[in-house]
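For reference, the structure is listed below as structure tokens.
Where a number appears in this text, it was derived from the coordinates with a stated rule and is not lab data. The structure presented is a predicted model; accordingly, all values stated were derived computationally and were not measured. Every residue, glycine among them, receives a Cβ derived from its backbone with ideal geometry; neighbour counts consider all protein chains shown.
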Amino acid sequence: MEVVPLDSAEAVGALAADTFEALVRSKPDAVLGLATGSSPLPTYEELVRRHAAGTGPSYDRVRCFTLDEYVGLPLGHPQTYRETIFAEVTDGLGIDRGRVASPDVDPAGLPGAGARYEAALVDAGGVDVQVLGIGSDGHLAFNEPGSSLVSLTRLKTLTDRTRQDNARFFDSIDEVPRHVLTQGLGTIGRARHLLLVVSGEGKAQAVADAVEGPVSASCPASVLQLHPHVTVLLDPAAASRL
Ligand code: GLP
């Protein structure tokens, strides 16, 4: 695991954007793993800015997979993670929406949805680079504390803390879904390169637990210690407890 303390959240975004662009230049049909949340936003903003300026690579041939999705929101709801990824990054890079895959949360399709998503990831050849944020309790995607370190894509129930953390995107906490489909920690671990981007004091303890604590399901992100190619990019506040 390579841990890189940087000067600012913008510097985290710029370096993460460099990583994505280098990959797509060397492999135009790369498979990109995209995460929601505020953590990857500086990365996405930088990628879109460079693309608009004409300095980025062509993304015409990439394929994208999202990490997770709420269950229970109507298709096209602005807070679905699929719509969020379109709005924050893929539309801005000119990536056709048909090249962006996300877990199928249609109620009729829920049985078997996890296995189908796993199969789609395998069919695509696996994820080349997966950007990740971290929850304040150390969760990755929606693998809450206690999640199996070898879990695959499946239905999960959110903790109250995660629902509270995410309530800011909704009018009230009652609107935050209770269930999600999420890639498992085992799924995430199959990506060839994991890029954890973190900023802010609120994540400092989770980062310290993930990087320096024991590998344990009580801090799901500690599983990153077992992966052969992980880069952790931190702003000063996120690095403050290392
Ligand atoms: C959600 C997402 C995670 C994300 C986490 C932290 O729970 N499912 O993928 O890492 O939020 O979000 P933020 O970066 O906004 O703090």
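Tabulated data
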quantity	calculated
Packing-based exposure ordering (other Cβ within 10 Å, fewest first) of Glu88, Glu201	Glu201, Glu88
Volume per residue of the C-alpha convex hull in segment 1-118, rounded to whole Å³	123
Exposed trypsin sites (Lys or Arg not before Pro) absent: longest stretch of the chain, with sites in DSSP loops and at most 13 other Cβ within 10 Å deemed exposed	62-177
222 nm mean residue ellipticity, helices alone, for the chain (DSSP H n ≥ 4; -39,500 (n - 2.57); rounded to 500)	-8000 deg cm²/dmol
Euclidean distance of C-alpha centroids, segment 145-224 and segment 5-45, integer Å	19
In Hz, Karplus ³J(HN,Hα) per residue of segment 69-74 (6.51, -1.76, 1.60; θ = phi - 60°; x = Gly, Pro)	7, 5, 9, x, 7, x
Cα-based equivalent ellipsoid of segment 193-242: semi-axis lengths in Å, sorted from largest, via gyration tensor	17, 13, 7
Which of Asp7, Asp29, Asp91 has the fewest Cβ neighbours within 10 Å, and the rest in rising order	Asp7, Asp29, Asp91
Unit charges on C-beta of K, R, D, E only; dipole of segment 65-191, Debye	260
³J(HN,Hα), Karplus 6.51/-1.76/1.60, whole Hz, each residue of segment 137-154, x for Gly, Pro	9, x, 6, 10, 6, 10, 8, 6, x, x, 5, 4, 6, 10, 5, 10, 4, 6
Kirkwood hydrodynamic radius of the chain, Cα pairs, Å	17.8
Taking His229, His139 and counting other C-beta atoms within 10 Å, the order from fewest to most	His229, His139
Positive-end residue of Pro107, Ile134, Phe86, charge dipole of segment 51-143 with Cβ unit charges	Phe86
Under Karplus coefficients 6.51, -1.76 and 1.60, residue-wise ³J(HN,Hα) of segment 92-98 in Hz, glycine/proline x	x, 9, x, 7, 4, 4, x
Dipole moment magnitude, nearest 20 debye, segment 2-234 about Cα centre, only Lys, Arg, Asp, Glu C-beta charged	540
